[in-house]
Every structure is written in structure tokens, then in C-alpha cells.
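Each remark here refers to the structure printed beneath this line.
The values are calculated or read from the model by the stated rules, or taken from the named source; none is laboratory data. Just so it is clear, the model here is predicted, and its values are computed rather than measured. Backbone-built Cβ (ideal geometry, glycine too); neighbour counts: all protein chains shown.
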Amino acid sequence: MLLELNIENFAIIENMNIEFEGGLNVITGETGSGKSIIIDGLGMLLGDRASKDVINTGKDFCHIEGIFSSNDENLFNLLKGMGLEISDPIIISKDIKTKGPAITRINSKAVTAQSLNKIRPYLIDIFAQHESMDLMRNESQKRLLDSFGDKSHRENLIKLKSLVEEINLLKSDYEKNNRDSQNKNREIDLLNYQIDEIEKAELTDYDEENLEEDFLKEDNKTNTISSLARALEILKSSYSDFNVEDGIDKAIGEISDVIKFDGELKVYEEELEDIKYRLKDLTGELESYNNSLEIDGERLGFLRDRLNLVNSLKSKYGKNLNEINLFLENSQQRLDFLVNSEKYLINLKKEIDEKESLAQKISEKISENRKKFAESLTEKLNEEIKELNIKNAAFRIDFKKKDLSFDGFDHVEFMISSNLGQAFAPLAKIASGGEMSRIMLAFKSIIASKDNIPTLIFDEIDAGISGKTAQIVGNKIKRLAKDRQIIVISHLPQIVALSDCHFIIEKEVVDNKTRSKIKKLSIDEKVVELAKLIAGDNIGGATLDAAKEMIGVNKNVTD
């Protein structure tokens, strides 16, 4: 159950701590005092969309924290599977900031909205007025009906959803390829040309790594021969009465003359001698290499043509050899498909038909189960609405067949007859606001008993009711609170009197700013507040006595 709720900087709530109890908790207060804000904050904490607009004016963040107690092994296994710490109590917090995303944590570890949505059903169920509107939609009615299904039913729904997704993908593939096959002859001709052009080139690593280098070498061979000849002339011939080898000899002679005065010069003399011999060898090799060079016009033409071919293929099919080969592979696969497309489409259609047949069988089983659930739900709901004083009303669920979709071929419609002799009509067209609240309470009662939800929250469940009906609704909520925690926002004395724990929420103005505060009432304070709900601010002894009597009488209501 929900042990504690802490809210900071949320709308008109500056700092609020609420310690809930087991049984029936009731929150009262004037319109606009912040009652529904508490429920909104709790909803955001547990996965509803977080809006930065809720941050208190002048603040840059709001913080919501809920402390829950649970001994549900299924919940603990779910938390464990998410890598979360297993502990009791479970602490969930949400921080919403003006800058940056909202962050939710469970036991101090950040979690995604998807994880939170999986955990929420094990902790709490919130009923607000918008859920009555949601119940009027056919898809919501179908989801509610499916929630009464067993494990096998849920597994069939998952299988069907996955199967219909596969069928849709296959149909899309079929339609695309069927369109493609209509223009296949033109595409086959183009693919054959492209494949032939690439294969005839017989590309190798040489074309990628060495071809351009060899072409440049052959294309510039005349310049190379001329440059080498001039270099050899410099090395071997006199230039302005100077020869390189003779110059080195003279340098060696000069150093030899002074070695006798400075022995350290010996090493330089030896290095010059080495250079002289190395230069002589190098000159010989350079001369030999130059003599070997021959201008080959035929090879030059071959390299030029080859390079042009490779560059042309790169411009069409890929910037390098790997990309060209990948294009070739894909083109061959596409060509193979087009050549065999008729056979492929036949096989694809066969696969679609087989999966549609299987989907139809699963949908029939789902529909059969839904009708069984509908019988049980109808019987239970009719009992509930009689208990909730919707006189002479009758409920039923109608089925019509529609096109197969992710959740089967059933169109589900909740129908109601409000009076004896009145024809059944869709729930959305017949039920009043008060009736819708009570019908929703009836559904919640049935669902809660089935799923063992530990905490139920009702926001304005008493809309559109009063008098005896309010007493009946209050007694129903009180019975629900025997086995679980109930939190109710209400303004009806008949419901408030039944509470095990009563909170009042009020507005106050501090420093020209409206703030909301909450207080847990003592039994005496509860009597006064109940009297105000009965008679307004002008309460007297008779009203106080009436309030005491209501609390005393209703405390004994357990059945």
C-alpha cells in the first residue's frame, strides 16, 4: 500500500507530506484547494506524462516521492529482472526540472517510463473522471474485457499481435515486389548490362593499389630519363672546372695535411673516404638504372585505358573496389530475384495465406474466450449495479465481427438499459454522469477482487450522486477497504463519515502567494469537518450531533 507521499514545488503545493493508513482514507477540501493536484502528482510519479508546467512559479524543479509497502512475489521478481534492488518499502521518486528531462528512480536507481508502467499495476490503480470517458470508447471496453482473461488468453493476444505484424510486413513485401515485377524486363536488361560491365573488367587489388602509380611512372618516363641524365652529368663531368669526385679528393688531401697537428680530424677523413666510394657506387647504379629505362608507348596506352575504365566504374558503382564488388553482389541477387520473381511471389502468397489462416484460428479462440468472460462479467456487473442503486438497469456486452486486426476480429460494445422495458443502447449514449461513476466503481470492484490491487484511488467518484445513493456508494467503497487501501477524494458526508483516516486540504496565502496544505484530522476535528459538509459554516449542536451519529453508526458498517 501507499505509506507516504511527499510533494515539493508542484503547482500550488510548496511542501507537503502525507502519511496514509490502511483501510479507507478520505481527502476533503474546497474546490481549488489542491485535492486533485495530489492525485495528478501521484499519477505523474507512476508514469503519467510529466509536464514542466506543473513546477511551482519561481522554482526550477518539483519533486514527488512515494513510499510503498508490498509483499508481492511477482512484483519482487519483476524488480529483480530489471536489475533493481529488492526491498520493502519500495521508494519511487520523480524529479521534474525546468531544464532537462524528468527523471524517475526506484530505490535510487533511474528507470524508464516503460519499466514504470510494468510496475504500476502491482502498486496502485487510480480512477479519475477521465476514465469514465475512456470507458465509453469501444477499444477501451475491449481492453477491459481482455483484462479478465487468463494466462492462455493473454498469450493468444500476444501471439496474434506478433502474427498480424508479420502478415502486414509480408503483404507490404508482396505488393512492392508485385509492382516491381511489372517493370522487371527493363530492370533485368539494366542489371545484365551493369553486371557484365563489372565482370568483364576483372578488377583486382592491383587496380585499386598500383595501377595509377604505374601509369604516372610510364606517363612521365621521358622526364625521368632527362632528369637522371642531368644528374649524372653533374656527378661525373666537370662543371665550371669542378668535378664532385675530384672535389672530395681535394678535401681529403687538405685534411690529411693537418691530421698530424690534430688527431681528432682522422674520423672526418675516414667519413669523406667512405662518401667518395659510396658516391662512386651510387653514380654507377644511377647510370645503370637510367640506361635500363625505355619508353613503351604500347604499355602507356594500356595503362591509360585501364585507368579510365576503373575510374569509370568507380563513378558508376562505388568509390572503391569493395563498394563496386558489393554493388555487383546486390545486383546479382536482385537479378536472380527478378528472374525468379513469379516463383517468389507464389511462395510469398502461400506464406501469407498460411499465417492468415493461423491468425484466424487464434482470433476465433480469442473471441470464444471473450464471450465466456463477457458472460461472467455481465453477471457480476449486473449484481454490482443493483447494489449501487442503479434501479432497473441491465448491462450486457454485444459482439460484432470486423476485419482482422492486432487484437482479433471482435467489435465489442458495452450496452445498458437504464429502465424496465427500455431497449439496450451503447453505454456512451445512455449513462448519466452519476451512473457512469457508479458503473466504473462496479468495474473497479470486480477488477480489484480479481487482481488483488493493494491500493485504489478514487477522484470524485461521487460525482452526480447524493442521498441514499451516496450512502450505498460509500458502503461499497467501505467494503472494498476491508481488504485493501482505498484513497478517496470526496465532498459527500455519507462517504466521508465512513473513513478510517480523514485529511483536509486547504489553501492559504503566504507572501502574496497561494499555497496548499494538508492536515490529518483527529476524531473531534473530523466531526466538525463533517458537520461543515452537512450544513456549511453555520453549524450548530444539532448538526454536530448528526455528524457524530453518522460517524458512530457508519463505523459499524462492514457488510
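Here are some notes:
- The number of residues in the range 21-41 that are buried (at least 22 other Cβ atoms within 10 Å of the Cβ) and hydrophobic (A, V, I, L, M, F, W, C) comes to 4.
- Subset of the range 82-113 [more than 13 Å from residue 46 (Cβ to Cβ) and among the polar types (S, T, N, Q)]: 87, 98, 107, 108, 112
- Verdict on residue 60 being surrounded by fewer than 18 Cβ atoms within 10 Å (Cβ to Cβ) and more than 25 Å from the chain's Cα centre (by Cα): yes
Matching residues to (1) within 29 Å of residue 447 (Cα to Cα); (2) surrounded by fewer than 16 Cβ atoms within 10 Å (Cβ to Cβ):
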| site | (1), (2) |
| --- | --- |
| 137 | yes, yes |
| 146 | yes, no |
| 153 | yes, no |
| 158 | yes, yes |
| 162 | yes, yes |
| 167 | no, no |
| 170 | no, no |
| 177 | no, no |
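- Listing of strands (runs of 3 or more DSSP E) fully contained in the range 482-550 that carry 1 or more residues being acidic (Asp, Glu), modelled with pLDDT of 85 or more and within 25 Å of residue 1 (Cβ to Cβ): none
- Of the criteria (1) part of a helix (DSSP H, G or I); (2) surrounded by fewer than 17 Cβ atoms within 10 Å (Cβ to Cβ), which one residue 110 fails: (1)
- The range 1-47 - residue that is part of a helix (DSSP H, G or I) and touching a Gly at 6+ places or on another chain (Cβ under 7 Å) and, of those, farthest from residue 528 (Cα to Cα): 45
- Subset of the range 393-410 (residues that are in contact (Cβ under 8 Å) with a residue 12 or more places away in the chain and over 29 Å from the mean Cα position of the chain (by Cα)): 393, 394, 395, 396, 397, 398, 399, 400
- Annotation note: of 294, 287, 273, the sole residue that is farther than 12 Å from residue 211 by Cβ, exposed (fewer than 11 other Cβ atoms within 10 Å of the Cβ) and of a type outside the set (S, T, N, Q) is 294.
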